[in-house]
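As structure tokens, the structure follows; a few thoughts come after it.
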Amino acid sequence: MGRSRRTLPEELLLLALDPATGTTAQPQSLDLGLAGAQLVELALAGRIAPDGDRIAVVVPRPTGDPTLDSALELLRRRGAPVRAVHWIGGPRLGLRQTYLSHLERCGMVHAVAGQMCGVLPTTRYQATDTEISREIRARLDSAIRTGVPPDPRTAALAALAHAVGLGKHLYPGNEGRSSRSRLRDLIRHDPMGGMVAHAVMDVQNGVAAQPRRGPAPAGGRQATTGGRGGPEPVRGIPAQPRHGSMARAVAH
């Protein structure tokens, strides 16, 4: 895939990175979001495609990105399509640190060592090029402000940002309420991103063991996350098509 284009996991992590503190917002749910972002990126690369609420490998050829290829290989080894909610909620936590180290190797962030309470060692991360983070944020702001349907990559990024609860980090307070609402609504503009975002929220809600129900009735399905800082309710998206039709819609 080369390094000319950043991947969705990288962009999601850069969105969550606070330039003032060098820490990430929503650290617990961010691991889930990064796992979901890997799925969307692999779909955009034509390596996987959804089959209902499951994920199937359609082209096992490596992408050239080591972190994505590791996920692709794990999916391939499953031998059969896996439910997105099971993949995202699987025992692969620690992706946040994996991607922070990855961004450091790529030169996008640099680590700053410190201490907590003068004793415990800590590591904070600062973006080496703030223009990159501003460009990512500007894409979301533009989609929210103009109301023009965004490209699939930006729509998926918005869906994932909402799913992990970054809305209140990006658009805080009462003045940001309308922007958070529009961020939430962007979830409907990319079927793969929407499906994965709902899976991320399902894991946070503890419903990963339950099969997803059919399409929501005319009022829309409401999905919420428990606890503070989670995403606000999101209206339902259309039922996902089966594998054959969706594979043709995945961007390469």
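Screening Arg96 against (1) open to solvent by 40 Å² or more (accessible area, probe 1.4 Å); (2) in contact with a helix residue (DSSP H, G or I) (Cβ under 8 Å, 6 or more places away or on another chain); (3) outside any helix (DSSP H, G or I) leaves a single unmet condition, (3). Annotation note: Cβ proximity below 9 Å between a residue of the range 130-150 that is among the charged types (D, E, K, R) and a residue that is open to solvent by 50 Å² or more (accessible area, probe 1.4 Å) (sequence gap 6+ or interchain) occurs for Arg139/Asp151; Arg145/Arg182. For the range 67-75, check the following and say yes or no: at least one residue is open to solvent by 50 Å² or more (accessible area, probe 1.4 Å), in contact with a Lys or Arg (Cβ under 9 Å, 6 or more places away or on another chain), assigned to a helix (DSSP H, G or I) and of a type outside the set (Ser, Thr, Tyr). Yes; the residues of the range 67-75 include at least one that is open to solvent by 50 Å² or more (accessible area, probe 1.4 Å), in contact with a Lys or Arg (Cβ under 9 Å, 6 or more places away or on another chain), assigned to a helix (DSSP H, G or I) and of a type outside the set (Ser, Thr, Tyr).
For every residue, the table says whether it meets (1) at pLDDT 90 or above; (2) within 17 Å of Leu103 (Cα to Cα).
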site: Met1; (1), (2): no, yes
site: Leu12; (1), (2): yes, yes
site: Ile48; (1), (2): yes, no
site: Asp65; (1), (2): yes, yes
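Within the range 117-152, restricting attention to residues that are within 12 Å of Leu186 (Cβ to Cβ) and among the acidic types (Asp, Glu), the residue that is nearest to the chain's Cα centre (by Cα) is Asp151. Is it true that some residue in the range 17-34 is assigned to a strand (DSSP E or B) and under 21 Å from Ala156 (Cα atoms)? For the range 17-34, residues assigned to a strand (DSSP E or B) and under 21 Å from Ala156 (Cα atoms): present. Taking (1) more than 16 Å from Gly36 (Cα to Cα); (2) open to solvent by less than 20 Å² (accessible area, probe 1.4 Å); (3) at pLDDT below 90 in turn, Pro238 satisfies each apart from (2).
Against the conditions (1) within 21 Å of Ile132 (Cβ to Cβ); (2) open to solvent by less than 20 Å² (accessible area, probe 1.4 Å), Val85 satisfies every one except (1).
The values are calculated or read from the model by the stated rules, or taken from the named source; none is laboratory data. Computed from a predicted structure; not experimentally measured. Note: ideal-geometry Cβ built from the backbone for every residue, glycine included; neighbour counts use all protein chains shown. For the accessible areas, the whole protein counts, side chains as well, though only heavy atoms, and no ligand, DNA or RNA atoms are used. Shrake-Rupley method; radii C 1.70, N 1.55, O 1.52, S 1.80 Å.
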